[in-house]
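Student: Here it is, the structure, as structure tokens.
The values are calculated or read from the model by the stated rules, or taken from the named source; none is laboratory data. Values in this document were obtained by computation on a predicted structure and should not be read as measured data. Backbone-built Cβ (ideal geometry, glycine too); neighbour counts: all protein chains shown. All accessible areas refer to the heavy atoms of the entire protein, side chains included, with ligands and DNA or RNA removed. Shrake-Rupley method; radii C 1.70, N 1.55, O 1.52, S 1.80 Å.
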Amino acid sequence: MILPIILHHDTSAEYTNQLKHNLGHIDYCVYDSSVNKTHFTESFNRAIQEVPESQAFYDYVMICNNDISLTARDVEMLEVALNSRKGIFSPALNSPHWRVMSREGDEFLREVPFVEFVCPIIHRDVIKTVGLLDEGMPRGWGIELDYCYRAKMAGFGIYLVQDIAIYHYGHKSQVDHGEYSHYANIEMNDRLREKYGDNWQEILKYPQW
């Protein structure tokens, strides 16, 4: 079973409300970053840590940016597709990382070096083994590269669920995307270079586009 956790941001209540409506009968949680005053990465981590004990039986958590087209039907199809597999997964989605996040070939599940953390589905065993995201990249750029690599090193697979696709509206939670991107890119480069060296892009298989 998958538990969606919606990351709500103070600039985008419209998208959060639409996503809640689209999920319908599906059980979900909402983490409000505007109340908790947390950046993206810390919001992601706190959302995982604050899942109620009553929902601890879920095999997976799905951390959802609120500006996505996810529906109850998508979640139900993903639950059937994953069938208790352990790893990190994502439906296909529109992304600058289109070589990774778009369908390629006929495989239902395609192994990829990382999935963009727009709505990653993470098995609880991954979290127990690998821990949480690196808050040294607070704005969120680079966190999927680091976390997926750590998961692979721990023996878990990273997969794109190619027969299920959603749409990410993008940048609806940021007042000034240009400024945000500037500092997020600096954080990513500095932190990943510190952890993996000057050739971190090669090590983490970060696509150049």
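Student: If you go through the stretch 129-166, how many residues are over 15 Å from the mean Cα position of the chain (by Cα), of a type in the set (A, V, I, L, M, F, W, C) and closer than 20 Å to Gln201 by Cα?
Tutor: Of the residues in that region, 2 qualify.
Student: So in the stretch 27-40, with the set limited to residues that are out of contact with any Leu (no Cβ under 9 Å at 6 or more places or on another chain) and at negative phi, which one is modelled with the highest pLDDT?
Tutor: Step one: of the stretch 27-40, the residues out of contact with any Leu (no Cβ under 9 Å at 6 or more places or on another chain) are 34-39.
Adding the requirement that they be at negative phi leaves 34-36, 38-39.
On the way: Ser34: 80, Val35: 81, Asn36: 75, Thr38: 82, His39: 86.
Per the stated criteria, the residue is His39.
Student: Okay, next question. Residues that are in contact with an Asp or Glu (Cβ under 8 Å, 6 or more places away or on another chain) and among the β-branched types (Val, Ile, Thr): does the stretch 58-73 have at least one?
Tutor: no
Student: Specify which of the listed residues (Glu42, Glu107) is among the acidic types (Asp, Glu), open to solvent by 30 Å² or more (accessible area, probe 1.4 Å) and closer than 29 Å to Glu187 by Cβ. So that I can check it myself, show each step before the final result.
Tutor: Values: Glu107 fails: closer than 29 Å to Glu187 by Cβ.
After applying the criteria, what remains is Glu42.
Student: So which of Asp74, Asp106 ends up being modelled with pLDDT of 95 or more and more than 23 Å from Leu204 (Cβ to Cβ)? Lay out the reasoning, then the answer.
Tutor: On the way: Asp106 fails: modelled with pLDDT of 95 or more.
None of the others qualify; the one that does is Asp74.
Student: List the strands (runs of 3 or more DSSP E) inside the stretch 48-159, counting only whole elements, that have at least 1 residues being of a type in the set (Val, Ile, Thr) and free of Cβ contacts under 8 Å to residues at least 60 places away in the same chain.
Tutor: Correct list: 60-65.
Student: Now for a separate question. Here's a check for you: in the stretch 70-89, which residue that is of a type in the set (Gly, Ala, Ser) and surrounded by 18 or more Cβ atoms within 10 Å (Cβ to Cβ) is farthest from the chain's Cα centre (by Cα)? I'd like the intermediate steps shown before the answer.
Tutor: As a first pass, look at the stretch 70-89 and keep what is of a type in the set (Gly, Ala, Ser): 72, 81, 84, 87.
With the extra rule that they be surrounded by 18 or more Cβ atoms within 10 Å (Cβ to Cβ), the set shrinks to 81, 87.
Numbers: Ala81: 18, Gly87: 13 Å.
The extreme case among them is Ala81.
Student: Looking at Gln49, Gln18, Gln55, which one is open to solvent by 10 Å² or more (accessible area, probe 1.4 Å) and either in contact with a Cys (Cβ under 9 Å, 6 or more places away or on another chain) or on the phi > 0 side of the Ramachandran plot (or both)?
Tutor: Gln55
Student: Looking only at the stretch 25-39, filter to residues that are in contact with a strand residue (DSSP E or B) (Cβ under 8 Å, 6 or more places away or on another chain) and not in a loop (DSSP other than H, G, I, E, B); which one of those is surrounded by the most Cβ atoms within 10 Å (Cβ to Cβ)?
Tutor: The initial filter retains those residues of the stretch 25-39 that are in contact with a strand residue (DSSP E or B) (Cβ under 8 Å, 6 or more places away or on another chain), namely 26-34.
Now narrow it down to the ones that are not in a loop (DSSP other than H, G, I, E, B): 29-34.
Numbers: Cys29: 16, Val30: 15, Tyr31: 23, Asp32: 17, Ser33: 20, Ser34: 14.
Here the residue is Tyr31.
Student: Check whether at least one residue in the stretch 12-24 is in contact (Cβ under 8 Å) with a residue 24 or more places away in the chain, farther than 19 Å from Gly170 by Cα, touching a helix residue (DSSP H, G or I) at 6+ places or on another chain (Cβ under 9 Å) and not in a helix (DSSP H, G or I), and report yes or no.
Tutor: Yes, because at least one residue in the stretch 12-24 is in contact (Cβ under 8 Å) with a residue 24 or more places away in the chain, farther than 19 Å from Gly170 by Cα, touching a helix residue (DSSP H, G or I) at 6+ places or on another chain (Cβ under 9 Å) and not in a helix (DSSP H, G or I).
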